[in-house]
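Participant: Next up is a structure, given as structure tokens.
The values are calculated or read from the model by the stated rules, or taken from the named source; none is laboratory data. Computed from a predicted structure; not experimentally measured. Every residue, glycine among them, receives a Cβ derived from its backbone with ideal geometry; neighbour counts consider all protein chains shown.
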């Protein structure tokens, strides 16, 4: 019962992160920190061995190092970097590969969709909210947290961590 509850918290946190990125173009630190804390609490409940736990931590730290470099180069936002690393912690090896690919594909679809929407005359009511006007502004940023959320929701139910939790 508790494992099921914990497993539901990861997708919920990712959905909140994606939504917050849409409405504010920011992903609050508390979401990534919550995902970190939830992983540390849930790993023993799920039955991860120390070596499995260590591999998940290694993947998370590696992802953080990579995304910090991407942030420093101006390629992604800081919230995206931290959220990707927190999600990578949950994905572990080798699921991080599929998560990265699916998130990148979702990011491409999101980017193309927003670029097309920004060039298309849209009904005035879509510009009445501050968040939608910011989202549809020509040259505006892309809320990549949405793509990270989509990747997580697609890959997590197939991940080794999830399957170990539901089978154990």
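Participant: Counting only residues that are within 16 Å of the chain's Cα centre (by Cα) and surrounded by 16 or more Cβ atoms within 10 Å (Cβ to Cβ), how many does segment 85-132 have?
Facilitator: Residues flagged as within 16 Å of the chain's Cα centre (by Cα) and surrounded by 16 or more Cβ atoms within 10 Å (Cβ to Cβ) within segment 85-132 amount to 17.
Results for (1) assigned to a helix (DSSP H, G or I); (2) surrounded by fewer than 18 Cβ atoms within 10 Å (Cβ to Cβ), shown as yes or no for each residue.
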{"position": "23", "(1), (2)": "yes, yes"}
{"position": "26", "(1), (2)": "no, yes"}
{"position": "33", "(1), (2)": "yes, yes"}
{"position": "38", "(1), (2)": "yes, no"}
{"position": "42", "(1), (2)": "yes, no"}
{"position": "57", "(1), (2)": "yes, yes"}
{"position": "74", "(1), (2)": "no, yes"}
{"position": "83", "(1), (2)": "yes, no"}
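Participant: In addition: How many residues does segment 63-102 hold that are free of Cβ contacts under 8 Å to residues at least 24 places away in the same chain and under 15 Å from residue 145 (Cβ atoms)?
Facilitator: 6
Participant: Now, a different point. Please go through (1) exposed (fewer than 15 other Cβ atoms within 10 Å of the Cβ); (2) touching a residue at least 24 places away in the same chain (Cβ under 8 Å); (3) in a helix (DSSP H, G or I) for residue 161 and return the number of the only condition it doesn't satisfy.
Facilitator: (1)
Participant: Kindly evaluate residue 4 against the criterion of being at pLDDT below 95 and outside any helix (DSSP H, G or I).
Facilitator: So residue 4 does not fit the description; no.
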